[in-house]
Structures are given as structure tokens and as C-alpha cells.
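Chemist: Just dropping this structure here.
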Amino acid sequence: MKQGRFIPCPSCGKRGDWLAASSAPFCSSRCKLVDLGKWLGGEHVISGPLKGEENVGPEESGIPVSSSKSEPVL
């Protein structure tokens with residue numbers, strides 16, 4: 001029998017084969033929601049642009065740009 005890779009849960013630190021779980025890489029749905037809450041609450045942030053994205057404008061990134069300033073893009 002193949003043994004899974006034991007990693008710590010990013011939220012609580014409990015070790016287990018979380019990559020095989022439906023809540024991967026977290027040990028449970030609760031830990032997954034706790035982490036989401038930290039992102040939404042501003043506790044977790046990305047400190048700067050990702051490598052290679054420093055000079056990417058909206059046109060190059062695939063974000064739709066409205067031709068008129070008064071109408072939002074839907």
C-alpha cells in the first residue's frame with residue numbers, strides 16, 4: 001500500500017495526508033474557512049506583485065477595459 005505524504009495543515013499545524021482530502025491542503029473544512037477569513041479580514045496579504053507581473057497593464061492581463069468611462073464593464 002502506498003503511503004501518503006504527511007504535511008502540516010496551514011491553519012492549525014496538525015500533520016496528515018491532507019492532499020488526499022477534499023479540503024486540501026487543509027485538514028478540515030473548518031481550517032479552510034478560518035484561512036479564508038484571515039484573507040478576507042486582511043490578516044493575510046500579498047506584499048507585492050508576483051514575479052513577471054510588475055509591468056503588466058490591464059490589456060495584457062486579460063482584464064476587460066471599458067471604452068467609455070461612464071459605463072462599467074459587465
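Chemist: Let me check I've understood the local charge: for F6, count other residues with C-beta under 11 angstrom from its C-beta, Lys and Arg +1, Asp and Glu -1. What total comes out?
Modeler: +2
Chemist: If Lys and Arg each add +1 and Asp and Glu each add -1, what is the summed charge of the other residues whose beta carbon sits under 11 Å from the beta carbon of F26?
Modeler: Charge balance near F26 sits at +2.
Chemist: Determine ³J(HN,Hα), in whole Hz, for all residues of the range 41-52 in sequence, where each value follows from phi through the Karplus function 6.51 cos²θ - 1.76 cosθ + 1.60 and θ = phi - 60°; x replaces Gly and Pro.
Modeler: For the range 41-52, the Karplus curve yields x, x, 5, 9, 9, 8, 6, x, x, 5, 4, x Hz.
Chemist: Output wanted: per-residue J couplings in Hz (rounded whole) for the range 27-39, from phi through Karplus 6.51 cos²θ - 1.76 cosθ + 1.60, θ = phi - 60°, x for Gly and Pro.
Modeler: Couplings: 7, 7, 5, 4, 4, 4, 6, 4, 5, 4, x, 5, 5 Hz.
Since every read-out is calculated from the coordinates, none of them should be taken as a lab result. Keep in mind that what you see is a predicted model, and the values were worked out from it rather than measured. Quick reminder, even Gly has a Cβ in these numbers, built from the backbone with ideal geometry, and neighbours come from all protein chains shown.
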